[in-house]
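Colleague: Dropping the structure in here first, questions after.
No value in this document is a laboratory result; all are computed from the given coordinates. Not measured: the values here are computed from a predicted model. In this analysis, Cβ positions are derived from the backbone assuming ideal geometry, glycine residues included, and neighbour counts consider all displayed protein chains.
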Amino acid sequence: MLPAPLLDLTAYIEPRRDRYYAGLLGVSTQGDWLSWFEFFLEVITEQAHDSLGRALRLDALRSELRGRVAKARSSALLPALIDELFRVPIISINGAKEALNVTHRSATLNLEKLVAAGILVEITRGRQRFFAAPEVLAVMSGEI
């Protein structure tokens with residue numbers, strides 16, 4: 001479901017900054033391309049494993065959240081809204097309205113149902129209401 005492979009190389013390189021810069025220095029002063037390529041391949045390998053793990057956790061979470069709202073005679077809007085949360089884990093009423101192609105009231109009611117189910121938390125800033133999916137955000141940020 002991803003539009004392209006997503007590897008956050010910086011997340012791996014940043015805590016290993018010394019190795020990164022030493023590798024660059026080795027290339028420029030000694031022509032040590034082999035060590036640089038080995039380090040860079042390590043970065044790609046580790047981040048590919050991390051991305052795969054997150055993708056699998058997100059897929060499992062999506063199934064779990066859809067299961068929480070699946071009921072006999074339940075609207076198809078809630079699973080569709082859950083799917084949208086994996087694209088945009090913090091959503092406004094207007095965002096839900098556009099994603100579901102429904103009225104403002106219908107979007108609000110469906111967001112509030114997900115709040116009641118413990119899937120979303122409401123964040124109010126002045127007159128603006130936003131809804132966040134903390135479990136989705138936790139997986140995306142690597143907390144889980």
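Colleague: Do you know which residues across segment 34-63 are more than 20 Å from THR10 (Cβ to Cβ) and of a type in the set (Asp, Glu)?
Modeller: ASP59 - this is the single residue of segment 34-63 that is more than 20 Å from THR10 (Cβ to Cβ) and of a type in the set (Asp, Glu).
Conditions (1) touching a residue at least 40 places away in the same chain (Cβ under 8 Å); (2) closer than 23 Å to LEU114 by Cβ; (3) not small (Gly, Ala, Ser), marked per residue:
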position: LEU6; (1), (2), (3): yes, no, yes
position: THR10; (1), (2), (3): no, no, yes
position: LEU34; (1), (2), (3): no, no, yes
position: GLY53; (1), (2), (3): no, no, no
position: ASP59; (1), (2), (3): no, yes, yes
position: ARG66; (1), (2), (3): no, yes, yes
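Colleague: Being touching a strand residue (DSSP E or B) at 6+ places or on another chain (Cβ under 6 Å) and closer than 30 Å to ARG127 by Cβ is the requirement here; does ILE90 meet it?
Modeller: The answer is yes for ILE90.
Colleague: May I ask you to list the residues in segment 115-139 that are closer than 18 Å to SER63 by Cβ and surrounded by 16 or more Cβ atoms within 10 Å (Cβ to Cβ)?
Modeller: ILE119, LEU120, ALA133, GLU135, VAL136, VAL139
Colleague: Next up: Condition first: polar (S, T, N, Q) and touching a Phe, Trp or Tyr at 6+ places or on another chain (Cβ under 9 Å). Now tell me which residues in segment 22-69 satisfy that.
Modeller: The one that is polar (S, T, N, Q) and touching a Phe, Trp or Tyr at 6+ places or on another chain (Cβ under 9 Å): GLN47.
Colleague: Still on this structure, I have one more. Taking segment 88-144 only, how many residues are closer than 16 Å to SER75 by Cα and either in a strand (DSSP E or B) or polar (S, T, N, Q) (or both)?
Modeller: Final tally of qualifying residues: 5.
Colleague: Quick one: LEU7 ticks every box in (1) in a helix (DSSP H, G or I); (2) surrounded by 11 or more Cβ atoms within 10 Å (Cβ to Cβ) bar one, so which box is it?
Modeller: Against the list (1) in a helix (DSSP H, G or I); (2) surrounded by 11 or more Cβ atoms within 10 Å (Cβ to Cβ), LEU7 comes up short only on (1).
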